[in-house]
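Peer 1: Pasting in a structure now, in structure tokens, and then I'll have a few things to ask.
What follows draws every value from the coordinates through simple rules; no lab data is involved. What you see is a predicted model; the values in this text were computed from it and never measured. Ideal geometry is used to build each Cβ from the backbone, glycine not excepted, and the neighbour counts take in all protein chains shown.
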Amino acid sequence: MIEYENLGKANQPFFEEYQQVFQQVLKNGWYILGENVGKFEQEFGSYCNTRFCSGTANGLDALILSLKAFQFNPGDEVIVPSNTYIATILAIVHNNLKPVLVEPDIRTYNIDPDKIEEKISQRTKAILVVHLYGKVCEMDKITAIANKHSLKIIEDCAQAHGASFKGIRAGNFGHFGAFSFYPTKNFGALGDAGAVTTNDEELHNIINTLRNYGSKIKYHNELVGYNSRLDEVQAALLLVKLKQLDKLNQYKRKLAQIYHERLKNDFIKPCRHSDYYDVYHIYNIRHEQRDKLKEYLLQNEIKTEIHYPIAPNKQKAMIGILDEQAAPIAEEIHRTTLSLPISFFHTESDIEKVITIANRF
Ligand SMILES: *Cc1c(COP(=O)(O)O)cnc(C)c1O
């Protein structure tokens with residue numbers, strides 16, 4: 001059986017170092033907002049080329065706090081792609097803001113810059129872009145639109161650690177970059193964890209305050225804050241993995257390259273272009289007979305996943321919020337997409353095997 005993911009196996013190369021740093025944190029006795037979090041924020045910020053970084057409890061909180069920092073008015077609108085993981089939309093809804101869907105470009109699966117302006121209204125305050133599957137959005141065009149209309153940009157970087165567009169890394173284009181270190185991400189912790197990057201010192205201070213009960217000085221609360229801090233243990237583990245992140249991404253790119261070259265062209269493969277450095281959080285193909293293909297691969301001992309089976313506007317939770325916004329392109333992607341195995345523990349021969357079997361479909 002070729003598994004889709006196995007986090008025990010994917011983390012195995014780090015076990016020894018993890019145990020050492022865990023012992024250190026354990027003995028150190030400082031478990032919240034200590035030296036590991038501080039060090040991680042510095043190192044991950046510099047990895048992303050941003051001036052500042054704040055650890056958070058998870059990726060959803062990173063998005064929620066990023067939007068919260070601007071103190072928009074209830075009912076203000078945020079532009080967001082119609083095909084994303086639900087967390088992106090939830091961050092908008094939990095801020096009492098209105099998500100306004102923009103369809104993706106069917107080639108890149110990312111928000112279509114040419115469809116943004118028609119959705120901008122008097123109430124639009126921000127564009128929340130998502131660098132889906134590890135490919136950065138067309139940020140040159142999007143930044144130009146945002147500047148023209150004085151909109152904030154927030155990047156959902158949960159799938160794009162180390163990915164870049166025209167040489168610039170995710171997390172650098174917007175006012176904020178929101179990252180998740182959920183265990184299955186390319187850069188995953190051993191539990192929930194996240195971060196917000198920014199190049200703006202004032203915004204950085206607001207995030208640091210918001211994540212810690214709205215307090216800069218202990219027991220002095222200046223904002224209506226949250227408890228959303230990155231744990232010392234997770235920060236210490238992430239510091240270990242960060243040293244290998246470029247190598248991990250390169251490895252995924254190598255596996256993706258094999259898929260790209262050898263999968264037959266009946267499958268619609270991810271588009272590639274020299275402007276993009278993609279990190280393949282997910283390697284998806286599209287096919288009219290997606291469900292049959294998934295079943296066929298499973299019968300041949302290959303597990304796959306669907307990212308995602310239901311478009312956000314079709315989710316039960318979004319009745320009364322999104323269900324009146326049509327998203328036929330997103331629905332087409334959700335209907336036809338299939339994610340093939342591409343974890344760090346997969347070998348090149350695992351990938352070759354998947355290809356050989358898939359090509360017989
Ligand atoms: C994983 C993910 C999130 C949420 O991150 P969590 O750490 O699970 O809260 C947000 N957006 C996207 C696109 C994601 O893939």
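Peer 1: Determine the shape class of segment 207-344: with a ≥ b ≥ c the square roots of the Cα gyration tensor eigenvalues, call it rounded for a/c under 1.5, and otherwise prolate if a/b is greater than b/c, oblate otherwise.
Peer 2: Oblate.
Peer 1: Between N227 and F14, what FRET efficiency follows from the Cβ-Cβ distance if R0 is 45 Å, with the result rounded to 0.05?
Peer 2: Step by step, r from the Cβ atoms, then E = 0.95.
Peer 1: If R0 is 22 Å, what FRET efficiency do you get for N359 and K166 from their C-beta distance, rounded to 0.05?
Peer 2: 0.05
Peer 1: Translational D (Stokes-Einstein, µm²/s) of segment 282-341 at 37 °C and 0.692 mPa s when Rh comes from the Kirkwood sum over C-alpha pairs?
Peer 2: Reported coefficient: 264 µm²/s.
Peer 1: If you take the beta carbon distance between K27 and K264 as r and set R0 to 56 Å, what does 1/(1 + (r/R0)^6) give as a FRET efficiency, to the nearest 0.05?
Peer 2: Calculated value: 0.55.
Peer 1: Quick check for segment 220-361: number of Lys pairs with alpha-carbon distance under 22 Å, counting only pairs 8 or more apart or on different chains?
Peer 2: 27
Peer 1: Could you put R272, R335, R360, R290 in order, starting from the residue whose Cβ has the fewest other Cβ atoms within 10 Å?
Peer 2: Ascending Cβ contact count within 10 Å gives the list R360, R272, R335, R290.
Peer 1: From the backbone phi of segment 211-217, what are the Karplus-calculated ³J(HN,Hα) couplings (6.51 cos²θ - 1.76 cosθ + 1.60, θ = phi - 60°) in whole Hz, Gly and Pro given as x?
Peer 2: The phi angles translate into 6, 10, 6, x, 10, 9, 9 Hz.
Peer 1: With labels modelled as points extended 7 Å from the Cα through the Cβ direction, what inter-label distance (nm, one decimal) is found for E201 paired with L7?
Peer 2: 3.8 nm
Peer 1: What number results when the radius of gyration of the chain, computed over Cα atoms, is divided by 2.2 N^0.38 Å?
Peer 2: 0.98
Peer 1: Looking at segment 1-152, what % of its DSSP beta bridges pair antiparallel, to the nearest 5?
Peer 2: 10 percent
Peer 1: Another question about this same structure. Cross-link partners among lysines for K125, C-alpha distance below 19 Å, same-chain residues fewer than 8 apart left out?
Peer 2: Partners within reach: K68, K98, K115, K141, K148, K152.
Peer 1: Right, here's the next one. Is there a quick way to get the dipole size of the chain? I mean about its Cα centre, with the Cβ of Lys and Arg at +1 and of Asp and Glu at -1; what is the value in debye to the nearest 20?
Peer 2: Once rounded to the nearest 20, the dipole reads 240 debye.
Peer 1: So how do 73-86, 5-18 stack up, highest first, on mean other-Cβ count within 10 Å?
Peer 2: 73-86, 5-18
Peer 1: Output the Kirkwood hydrodynamic radius of segment 125-269, Cα pairs only, in Å rounded to one decimal.
Peer 2: Mean inverse Cα-Cα distance, inverted, gives 17.1 Å.
Peer 1: Please list, in order along segment 316-325, the HN-Hα scalar couplings obtained from phi with the Karplus expression 6.51 cos²θ - 1.76 cosθ + 1.60 (θ = phi - 60°), rounded to whole Hz, x for Gly and Pro.
Peer 2: For segment 316-325, the Karplus-derived couplings read 4, 4, 9, 5, x, 10, 10, 5, 8, 9 Hz, x marking Gly and Pro.
Peer 1: For segment 23-28, take each phi angle, set θ = phi - 60°, evaluate the Karplus expression 6.51 cos²θ - 1.76 cosθ + 1.60, and give the result in whole Hz per residue in order, putting x for glycine and proline.
Peer 2: Once rounded to whole Hz, the list reads 4, 4, 5, 4, 6, 4.
Peer 1: Starting from the amide H of I2, placed 1.01 Å from N in the peptide plane, find each other amide H under 5 Å away whose residue is 5 or more places distant or on another chain.
Peer 2: Long-range HN contacts for I2: I302, K303.
Peer 1: Mind checking the log10 I(q)/I(0) for segment 257-298 at q = 0.19, 0.24, 0.27, 0.32 Å⁻¹? Debye, one equal scatterer per Cα, no solvent, two decimals.
Peer 2: -0.67, -0.96, -1.11, -1.26
Peer 1: Arranged by the count of other C-beta atoms within 10 angstrom, fewest first, what order do M318, M1, M139 take?
Peer 2: Going from least to most buried by this count: M1, M318, M139.
Peer 1: Would you mind checking which residues have amide H under 5 Å from A189's amide H? H placed 1.01 Å from N; only 5 or more apart, or other chain.
Peer 2: Here Y182 satisfy the definition.
Peer 1: Kindly give the semi-axes, whole Å and largest first, of the ellipsoid equivalent to segment 8-100, taking each as the square root of 5 times a Cα gyration tensor eigenvalue.
Peer 2: 34, 17, 13
Peer 1: Between D114 and N73, how many nm apart are label points set 7 Å from Cα along the C-beta direction?
Peer 2: According to this spin-label approximation, the distance is 3.5 nm.
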